[in-house]
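Data block below; observations after.
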Amino acid sequence: MSSPYQTKVNCLPTYILIDTSSSMRPVEATLNETMEYLYDELIMSPRISDFAHISLISFNTQAHVVLEMTDIQQITALPQIECLGVTNFTEAFRVLRERIEQDVPMLDAAGRAVLRPVAFVLTDGQPTDIEGRITQNWREEYWRLVDPNWRRHPNVVPFGFGGATADVLKEMSTIDGAAFLAEDSGNSESLRKIFATLLNTLVASAQHNQLQLPAEVDGFIRVSQDIIE
Amino acid sequence: MSSWSVSPFPPVQQLSELTIGTTLHENGGQSRRVTMLVSHPGWIYKEYRVEPVGPEIERLDRLVHHPHTLVPADLHLVNGNTSWPATRVVDVGRTTGVCLPIAPPEFSREVTMRAGKRTITLQVDLLALPGVDQLRRDIPGQSLPARVAVCASLAEVGALLERCGLVYLDWSFANAFWSPAGLAAYVIDVDGCSFGARPQIQSHNWDDPLVPQHTLADNGVDRFRVALLVARCLTAQRGPGVIDHVRRLGDVDVALTPVRDLLLRALMASRTGDRPSLTRLSAALTSAATGLSGDGGQLPFTTDPPAMGGSGVTGWRTIDRTKSRTTRPRREPTVPGPRRLQPPRTTPVNPAPGSRTPVNRIPTPPPRGTEQVPGSGTVGRPFPPLVQPSGGSPVATAFLIFICALALLLFVVSVLL
């Protein structure tokens with residue numbers, strides 16, 4: 001006897017890309033604290049982590065998957081992040097694309113209906129090459145990532161603070177208006193607000209069973225096509 | 001303890017006479033916000049997003065009054081196990097919301113989290129987890145008898161609403177709390193109940209396959225959703241595979257056979273009318289709760305082993321919810337690029353040509369055979385002791401063979417001589 005209830009449950013592959021370049025060193029402690037906060041909140045609300053499957057990618061000169069897209073129940077330790085190196089977005093986007101190619105089939109094989117992945121990018125600087133010089137070379141890897149012809153292309157939602165600029169964030173965002181630049185609060189405070197926003201986004205998304213992005217983020221300017229620097 | 005029977009409010013309450021306190025929730029479901037009431041400790045004010053008018057006002061007033069019509073046993077349930085609306089709140093003639101009692105303290109618990117101690121409300125979201133995962137959250141692991149008792153309480157509330165002709169529909173992990181000490185359930189948002197059928201509401205992961213959204217939904221939907229909630233809490237299985245686990249309930253303890261049969265009927269019926277009433281489910285659960293043997297057997301679930309892995313950052317902070325201790329990682333030379341975690345275990349995945357970037361994974365769990373020492377910072381799950389293969393170690397076996405061979409040699413030599 002088959003059950004009419006045996007339907008697939010939606011899940012949202014969620015990537016948090018954290019800039020861990022040397023300019024982030026002043027907020028290193030805050031970064032580690034806020035990750036604990038996010039973990040605490042998610043672990044106490046299993047219905048949110050049922051929906052949003054989270055992976056953490058840190059990037060500086062290179063990019064690393066510091067937390068694989070595993071069930072949050074299975075996490076036994078949180079990464080201790082250290083900030084150094086440059087802001088190499090090319091590597092970040094390359095690793096993200098690789099991971100999506102692995103994670104989406106894994107979730108599908110686990111019987112989930114996989115929604116388009118979302119990548120939240122947290123950065124305090126401008127894209128650089130491996131020598132630390134500001135560059136536009138990241139665009140090539142970025143376009144490969146968000147190429148509409150690639151079935152699994154993610155939504156990218158950037159959050160910037162410190163030295164991040166509106167034009168780069170705007171360019172990285174795949175959804176008009178879903179790019180946020182901190183006004184003038186300190187970087188630590190901005191980071192806390194970003195993580196609180198991330199959490200609220202996941203709560204709302206789980207409630208609606210689809211990605212729900214904030215219309216506004218306290219202390220941040222919403223960067224859209226309508227805003228000209 | 002606040003409850004409908006000790007309501008300090010008239011049936012219709014002026015908003016201006018309420019002092020609003022801390023906001024608990026915003027933009028959840030039908031409410032714009034839910035706030036504590038400074039003027040009435042133990043009560044909350046739920047402000048609606050959309051102003052109720054006409055029949056909606058009548059419905060609210062009828063709901064506020066309804067417990068007056070109940071027999072003492074049912075009134076006891078209303079007071080102890082539901083957040084039943086005590087008054088309709090108006091502001092300059094417009095209905096703005098309702099006042100509801102706060103759940104008794106037994107439905108909350110102080111837990112130790114990484115950021116310190118915090119009191120949380122125990123939503124049944126946390127009951128529908130395996131015991132080991134509850135322990136990791138500093139919540140006592142719930143045995144099968146405990147789960148059955150809580151589910152009996154939950155179904156009892158469902159049965160009460162059904163008897164009253166009230167359609168709730170909004171059964172979910174977030175709308176019921178549970179008490180590990182009292183083994184009881186507490187249902188919130190009762191103000192959303194309708195007298196009789198109303199359009200189906202959207203409730204992701206609780207979708208009734210027989211009653212699509214926007215079609216009329218009656219207690220048949222409540223029967224399905226309560227059954228699904230009970231099934232998830234009993235088996236600690238949250239996904240579509242829950243039905244397979246329900247099928248195995250009777251194998252765990254024969255006292256659960258009637259519960260299993262009713263759950264399967266509720267979840268798999270091809271017509272809503274064939275779903276058993278919540279009164280029957282409640283009675284079966286209550287009977288099972290008293291009939292279960294001591295430990296009540298183990299839940300028929302399996303838990304995946306922790307993910308293994310290694311590196312990429314300077315270290316890992318172990319998660320020990322019971323002591324909130326952090327194992328300070330050993331810091332390694334600060335060179336940008338790939339690094340190894342503690343303990344080192346890396347798996348290269350699709351490295352770029354010439355690249356040695358490791359893929360960073362979860363650190364290796366403690367070796368098998370170790371157990372968690374309170375306060376040691378050792379990661380959560382204890383591992384079963386190592387089982388030695390029968391026959392002992394290879395060294396002991398070799399030594400035994402050597403002795404036997406030597407004895408045989410001596411015997412042969414002594415015979416020859």
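Annotations
- For region A:113-212, the share of DSSP beta bridges that are antiparallel, to the nearest 5, is 10%.
- Averaged over peptide A:33-45, the number of partner chain Cβ atoms lying within 10 Å of each residue's Cβ comes to 4.
- Other protein chain C-beta atoms within 10 Å of residue C-beta, averaged over B:123-133: 3.
- A cut-off of 5 Å between modelled amide H atoms, ignoring neighbours fewer than 5 places along the same chain, links A:VAL156 with A:ALA119, A:THR174, A:ILE175.
- Sequentially through region B:119-125, phi angles give Karplus couplings (6.51, -1.76, 1.60; θ = phi - 60°) of 8, 10, 7, 8, 5, 5, 3 Hz, Gly and Pro residues having no value and appearing as x.
- Calculated FRET value between A:GLN102 and B:PHE195, using beta carbons and R₀ = 51 Å, to 0.05: 0.45
- Gain on full extension, evaluated as 0.36 nm per residue between A:GLU189 and A:ARG139 minus their Cα-Cα distance, stands at 15.1 nm.
- Distances between placed amide hydrogens fall under 5 Å for B:THR82 paired with B:VAL187, all partners being 5 or more residues away or on another chain.
- From phi via Karplus (6.51, -1.76, 1.60), per-residue ³J(HN,Hα) for region B:28-45 in Hz, x at Gly/Pro: x, x, 7, 9, 7, 7, 10, 10, 6, 10, 5, 6, 9, x, x, 10, 10, 10
- Treating each Cα of chain A as an identical point scatterer and summing with the Debye formula, the log10 of I(q)/I(0) at q = 0.09, 0.12, 0.13, 0.16 Å⁻¹ comes to -0.34, -0.61, -0.72, -1.13.
- Simple label model, 7 Å out from Cα along Cβ direction - A:ASP129 to A:ARG25, nm: 2.4 nm
- Cα principal axis extents for region B:103-294, largest first, Å: 46, 37, 28
- Diffusion coefficient, µm² s⁻¹, Stokes-Einstein with Kirkwood Rh over alpha-carbon pairs of region A:1-130 at 10 °C and 1.306 mPa s: 101 µm²/s
- Alpha-carbon centroid distance for the pair region A:21-41 / region A:103-163, whole angstrom: 20 Å
- Residues whose amide H comes within less than 5 Å of that of B:VAL89, counting only those at least five positions distant or on another chain, are B:GLN13, B:THR96, B:GLY97, B:VAL98, B:CYS99 (H built at 1.01 Å from N in the peptide plane).
- Counting other Cβ atoms within 10 Å as a rough exposure proxy, the listed residues B:VAL38, B:VAL92, B:VAL211 run B:VAL92, B:VAL38, B:VAL211 from fewest neighbours to most.
- Qualifying trypsin sites (Lys or Arg not before Pro) for region B:216-287 [loop in DSSP, other Cβ within 10 Å: at most 12]: B:ARG271
- Computed extension length for B:THR22-B:HIS214: 65.6 nm, one decimal, from 0.36 nm per residue of separation with the Cα-Cα distance subtracted.
- By the compact-protein rule of thumb, 2.2 N^0.38 Å, the alpha-carbon radius of gyration of region B:133-218 corresponds to a ratio of 1.25.
- Loop-located trypsin sites (Lys or Arg not before Pro) in region B:25-116, at most 15 other Cβ atoms within 10 Å (DSSP): B:ARG49
- When peptides B:16-26, A:33-43 are ranked by their average number of other Cβ atoms within 10 Å per residue, the highest-first order is A:33-43, B:16-26.
- Each residue of region B:20-27 was assigned a 3J(HN,Hα) from its phi angle through the Karplus expression (A = 6.51, B = -1.76, C = 1.60, θ = phi - 60°), giving 7, x, 4, 7, 8, 9, 10, 6 Hz with x at Gly and Pro.
- Cβ-based net charge around B:TRP206, under 9 Å, with every Lys or Arg adding one and every Asp or Glu removing one: -2
- Normalised by residue number, the volume inside the convex hull of the Cα atoms of region A:152-210 is 92 Å³ per residue.
- A viscosity of 1.002 mPa s and a temperature of 20 °C, combined with the Kirkwood radius over Cα pairs in Stokes-Einstein, give a translational diffusion coefficient for region B:25-134 of 132 µm²/s.
Here, each number is a calculation from the coordinates, and none is a lab measurement. What you see is a predicted model; the values in this text were computed from it and never measured. Neighbour counts run over all protein chains shown; Cβ positions are idealised from the backbone, glycine included.
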